[in-house]
Amino acid sequence: MFAARRAASTTLARGFSTSAAAPFKCAVLGAAGGIGQPLSLLLKGNPLVTKLSSHLSPPSPFSPTRFYTVSPYVLANVEQLALYDVRGAPGVAADISHVNTASEVKGYEQNDIKSALEGADVVIIPAGVPRKPGMTRDDLFNTNASIVQTLAEAAAQYAPKALIGIISNPVNSTVPIFAEVYKKAGVYDPKRLFGITTLDVVRSSRFLGEIKDKDPKDVAVTVVGGHSGVTIIPLLSQTEAGKDVAGEAYKALVHRIQFGGDEVVQAKAGTGSATLSMGYAGARFADALLRALDGQTNVVEPTFVDSPLFKDQGVDFFASNVVLGPEGVKEILPLGPLSAAEEDLLKAAIPELAKNIKKGVDFVKSQ
Ligand code: NAD
Ligand code: LMR
């Protein structure tokens with residue numbers, strides 16, 4: 001059913017200003033967790049915004065449309081929201097299903113991942129354990145690598161053509177794990193796999209907006225590299241509001257963006273890491289994938305993908321601005337001009353990224 005209606009919708013390639021229902025199935029794996037719940041709620045949506053969605057003006061060319069509060073496009077276009085978790089997903093689904101937007105919500109338990117995944121157009125994965133104070137994201141590898149591998153094996157079997165967005169940390173390693181599992185299964189399409197780095201973009205615009213006393217909606221920052229510490233590279237020099245930030249203020253801002261996750265981990269004092277801001281960021285990225293699937297052009301988001309940009313330096317995956325299309329990655333955009341400070345950040349990131357990526361690849365290859 002989904003496939004037939006999907007074909008109709010992509011050929012129509014509707015403009016952004018319509019709100020007619022389109023037919024996408026979106027699955028969330030890890031839906032009952034700290035991120036999974038607000039993410040699923042945002043995907044289910046806000047009825048007020050649904051009403052307003054017909055009044056939205058079309059996005060400007062290559063506008064990343066980065067500042068959704070709730071995603072009107074998702075509201076109008078998700079026909080089924082499939083919520084899967086090893087525990088608690090049916091309860092979360094029952095709760096969210098009462099929100100009065102059009103999409104159907106179903107919860108799936110551990111033995112029913114097949115039904116959750118079959119027919120899915122977009123699969124967002126926030127499954128896995130979060131950090132506690134004192135831990136790095138890499139410290140999560142031992143637990144989360146196996147979780148992501150198991151989910152990749154299921155997705156390879158039941159939804160090999162879906163667009164996959166990975167939130168589970170360490171993203172720099174879990175995305176390569178996912179890719180290796182797909183390669184083993186003979187279904188790898190590098191265009192369809194994304195590490196979600198949107199939280200770094202969201203933080204950058206918020207933190208820069210704060211120090212410049214500007215509304216974050218007017219402050220777009222491209223963030224490239226990866227998703228942990230020194231691999232997070234905000235390209236402030238390419239942003240009107242950020243290009244004159246210098247000296248200690250520049251260092252402090254870059255540090256806050258690179259280690260924003262630690263701020264939340266410390267404040268939550270052992271109960272987890274960012275969940276609500278990540279739910280928001282994950283919903284925004286899912287929205288971008290859905291708009292691209294539906295034929296909207298000029299959808300651009302920074303995301304961690306299989307990328308040619310630094311392969312010659314042993315880095316097979318890299319986050320940069322990516323033009324999204326109905327098949328996933330349409331075009332990987334170059335970084336553009338970097339300041340001397342950004343060149344330094346890049347130099348520091350490359351060896352760390354290479355190490356993180358290799359760790360993920362080796363994990364699957366060694367089995
Ligand atoms: P959480 O513990 O609150 O939730 C994780 C959920 O995953 C739980 O409901 C758990 O039951 C489920 N789960 C575990 N194994 C599973 C499996 N095999 N299949 C399906 N579900 C499974 O954790 P959280 O705070 O939601 O964080 C989840 C992950 O997201 C962590 O690894 C965290 O580090 C990461 N994260 C990433 C970003 C990012 O920017 N990419 C931001 C924040 C957190
Ligand atoms: C974040 O950036 O908030 C996430 O990656 C979670 C974490 O461990 O910091």
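Closer than 21 Å to residue 347 by Cα, away from ligand 1 (no atom under 16 Å from the Cβ) and buried (at least 21 other Cβ atoms within 10 Å of the Cβ) - does that describe any residue in segment 227-237? Spell out how you get there, then give the answer.
First pass over segment 227-237, keeping only residues closer than 21 Å to residue 347 by Cα: 227-237.
From what's left, away from ligand 1 (no atom under 16 Å from the Cβ): 235-237.
Cutting the leftovers down to buried (at least 21 other Cβ atoms within 10 Å of the Cβ) gives us 235-236.
Yes; the residues of segment 227-237 include at least one that is closer than 21 Å to residue 347 by Cα, away from ligand 1 (no atom under 16 Å from the Cβ) and buried (at least 21 other Cβ atoms within 10 Å of the Cβ).
Selection of segment 87-129 for residues being closer than 15 Å to residue 32 by Cβ and in a loop (DSSP other than H, G, I, E, B) yields 87, 88, 97, 109, 126, 127, 128, 129. Under the condition of being more than 8 Å from ligand 1 (Cβ to nearest atom) and not in a loop (DSSP other than H, G, I, E, B), the residues counted in segment 147-173 number 14.
The condition (being within 22 Å of residue 240 (Cβ to Cβ) and not in a helix (DSSP H, G or I)) is satisfied by just one residue among 338, 324, 346: 338.
Using the structure shown, decide if residue 214 is more than 26 Å from residue 354 (Cβ to Cβ), touching a residue at least 12 places away in the same chain (Cβ under 8 Å) and surrounded by fewer than 19 Cβ atoms within 10 Å (Cβ to Cβ). Spell out the reasoning first.
Working: more than 26 Å from residue 354 (Cβ to Cβ): yes; touching a residue at least 12 places away in the same chain (Cβ under 8 Å): yes; surrounded by fewer than 19 Cβ atoms within 10 Å (Cβ to Cβ): yes.
Yes: the conditions hold for residue 214.
When only residues in segment 241-261 that are buried (at least 18 other Cβ atoms within 10 Å of the Cβ) and not hydrophobic (A, V, I, L, M, F, W, C) count, which is farthest from ligand 1 (Cβ to nearest atom)? So that I can check it myself, show each step before the final result.
We begin by selecting, within segment 241-261, every residue buried (at least 18 other Cβ atoms within 10 Å of the Cβ); these are 241-242, 245, 253-254, 256-258, 260-261.
Applying the additional criterion that residues be not hydrophobic (A, V, I, L, M, F, W, C) yields 242, 256, 258, 260-261.
Numbers: 242: 21, 256: 15, 258: 13, 260: 10, 261: 7 Å.
The selected residue is 242.
Annotation note: Cβ proximity below 6 Å between a residue of segment 268-294 that is within 10 Å of ligand 1 (Cβ to nearest atom) and a residue that is among the hydroxyl-bearing types (Ser, Thr, Tyr) and part of a helix (DSSP H, G or I) (sequence gap 6+ or interchain) occurs for 281/198; 285/198. Just so you know, in segment 168-191 the residues that are surrounded by fewer than 23 Cβ atoms within 10 Å (Cβ to Cβ) and either under 14 Å from the mean Cα position of the chain (by Cα) or among the charged types (D, E, K, R) (or both) include one that is nearest to residue 252 (Cα to Cα), and it is 191.
Being touching a helix residue (DSSP H, G or I) at 6+ places or on another chain (Cβ under 7 Å) and surrounded by fewer than 16 Cβ atoms within 10 Å (Cβ to Cβ) is a property that holds for residue 327.
Identify all residues within segment 86-103 that are modelled with pLDDT under 95 and farther than 17 Å from residue 27 by Cβ; write none if there are none. Hits for segment 86-103 are 98, 99, 100, 101, 102. Restricting to segment 260-274, and then to whatever is near ligand 2 (Cβ under 9 Å from one of its atoms) and in a loop (DSSP other than H, G, I, E, B), can you tell me which residue is farthest from the chain's Cα centre (by Cα)? Here the answer is 272. With the condition kept exactly as written, say whether any residue in segment 240-248 is modelled with pLDDT of 95 or more and either under 19 Å from residue 359 (Cβ atoms) or assigned to a helix (DSSP H, G or I) (or both). Checked segment 240-248: at least one residue is modelled with pLDDT of 95 or more and either under 19 Å from residue 359 (Cβ atoms) or assigned to a helix (DSSP H, G or I) (or both). Only residues that are within 12 Å of ligand 1 (Cβ to nearest atom) and within 18 Å of the chain's Cα centre (by Cα) were counted in segment 118-144, giving 10.
Rundown of residues vs (1) within 13 Å of ligand 2 (Cβ to nearest atom); (2) over 23 Å from residue 261 (Cα atoms); (3) free of Cβ contacts under 8 Å to residues at least 24 places away in the same chain, yes/no style:
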{"position": "139", "(1), (2), (3)": "yes, no, yes"}
{"position": "145", "(1), (2), (3)": "no, no, no"}
{"position": "186", "(1), (2), (3)": "no, yes, yes"}
{"position": "191", "(1), (2), (3)": "no, yes, no"}
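Is it the case that some residue within segment 147-167 is modelled with pLDDT of 95 or more, within 15 Å of the chain's Cα centre (by Cα) and more than 21 Å from residue 82 (Cβ to Cβ)? There is no residue in segment 147-167 that is modelled with pLDDT of 95 or more, within 15 Å of the chain's Cα centre (by Cα) and more than 21 Å from residue 82 (Cβ to Cβ).
The values are calculated or read from the model by the stated rules, or taken from the named source; none is laboratory data. Here the structure is a predicted model, which is why all the values come from computation and not from measurement. Note: ideal-geometry Cβ built from the backbone for every residue, glycine included; neighbour counts use all protein chains shown.
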